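Reading through the structure tokens given below for one structure.
The values are calculated or read from the model by the stated rules, or taken from the named source; none is laboratory data. These numbers come from a predicted model, not from an experiment. Here the Cβ positions follow ideal geometry from the backbone for every residue, glycine too, while neighbour counts run over all protein chains shown.
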Amino acid sequence: MKRIVAFLIGVTLAQAAAANPPGTSLRPVARGDLAQAIIADVTPRVLGVQPQTEQKDRKGLLQLLRPRTRDDSGFSDAIQSRKDRRRGTVCNDPKLVGEPVGYVPGKLSGCGVQEAIRLRQVSGVALSQPAVTDCTTAKALKTWVEKGVMPAVGRHGGGVAELRVMASYSCRTRNNRKGARISEHGKGRAIDIGGVTLKNGKEISVLKDWGKRKPGRILRKMHKAACGPFGTVLSPESDRYHRDHFHFDTARYRSGPYCR
């Protein structure tokens, strides 16, 4: 900044000397106004603009010379957030497509989601119906799709096109049993997957294909890969409530993931 002001002072004094022959006096300028006067005088000529735009460009130059403040640190984040909303991405992750929902109240005590999203697509794989979850669950689903579903399916049927979502947020007790604890579904932390649709239009179904040869092996690989990204992973072998789907939730336990 000091170098720029010094340069502008030199340019202005040289021009003033040329415009005022010996024997004439220069109009004094108050010290506090010196920098402003120099910038106002020199800026239009440096930028090559017309006199009527001098005031506008003077403000522009002063803005450029203004030191970066702490408030500016979030400016780029705000720009990125607006871009993400235009693209339909959520949770600050370009591989998660949907829209923010915000606070979802629950009818039962213990239900509800603070910052819910409505998820529609994960890593290029569509969801058969939008899933209302929190961001932690959405990101766990993304990890499972990329490191579990896609490798397990491979090129079979042309690859994965869609996940069949059977349930996401629902304010209810576990397995809808009276007097039971609130399900992780009631907290936006769970999602139920009934199968995957392949790009050739065929489906690998948990209900129909669990235990079969090739599709059964694919489902078992997918089930195993979910144990880690999710805290609870339940298959048709866990109990009668899950015979037609995988249950995934992001509850965490001291002993590690619970997978059956």
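Based on this model, can you work out whether Ile191 counts as surrounded by fewer than 18 Cβ atoms within 10 Å (Cβ to Cβ), under 20 Å from Gln114 (Cβ atoms), touching a residue at least 60 places away in the same chain (Cβ under 8 Å) and in contact with a helix residue (DSSP H, G or I) (Cβ under 8 Å, 6 or more places away or on another chain)? Lay out the reasoning, then the answer.
Working: surrounded by fewer than 18 Cβ atoms within 10 Å (Cβ to Cβ): no; under 20 Å from Gln114 (Cβ atoms): yes; touching a residue at least 60 places away in the same chain (Cβ under 8 Å): yes; in contact with a helix residue (DSSP H, G or I) (Cβ under 8 Å, 6 or more places away or on another chain): yes.
No.
So, in the range 121-142, of the ones that are closer than 15 Å to Ala190 by Cα and surrounded by fewer than 17 Cβ atoms within 10 Å (Cβ to Cβ), which residue ends up farthest from the chain's Cα centre (by Cα)?
Of the residues in the range 121-142, the ones closer than 15 Å to Ala190 by Cα are 127, 129-142.
Filter once more, keeping what is surrounded by fewer than 17 Cβ atoms within 10 Å (Cβ to Cβ): 129-130, 136.
On the way: Gln129: 20, Pro130: 17, Thr136: 12 Å.
Here the residue is Gln129.
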Practice task
Go through the range 208-240 and give me each residue that's within 34 Å of the chain's Cα centre (by Cα) and among the hydrophobic types (A, V, I, L, M, F, W, C).
Solution key: Ile218, Leu219, Met222, Ala225, Ala226, Cys227, Phe230, Val233, Leu234
Problem - Among (1) modelled with pLDDT of 95 or more; (2) farther than 15 Å from Arg174 by Cβ; (3) not basic (Lys, Arg) - the single one Gly256 does not satisfy - result: (1)
Practice task
Take the residues in the range 206-218 that are free of Cβ contacts under 8 Å to residues at least 24 places away in the same chain and either touching a helix residue (DSSP H, G or I) at 6+ places or on another chain (Cβ under 8 Å) or part of a helix (DSSP H, G or I) (or both), then tell me which one is surrounded by the most Cβ atoms within 10 Å (Cβ to Cβ).
Solution key: Pro215
Practice task
With the condition kept exactly as written, say whether any residue in the range 160-171 is assigned by TED's automatic domain parsing to the domain that holds Gly112, surrounded by fewer than 18 Cβ atoms within 10 Å (Cβ to Cβ), part of a loop (DSSP other than H, G, I, E, B) and without any contact (Cβ under 8 Å) to a residue 12 or more places away in the chain.
Solution key: no
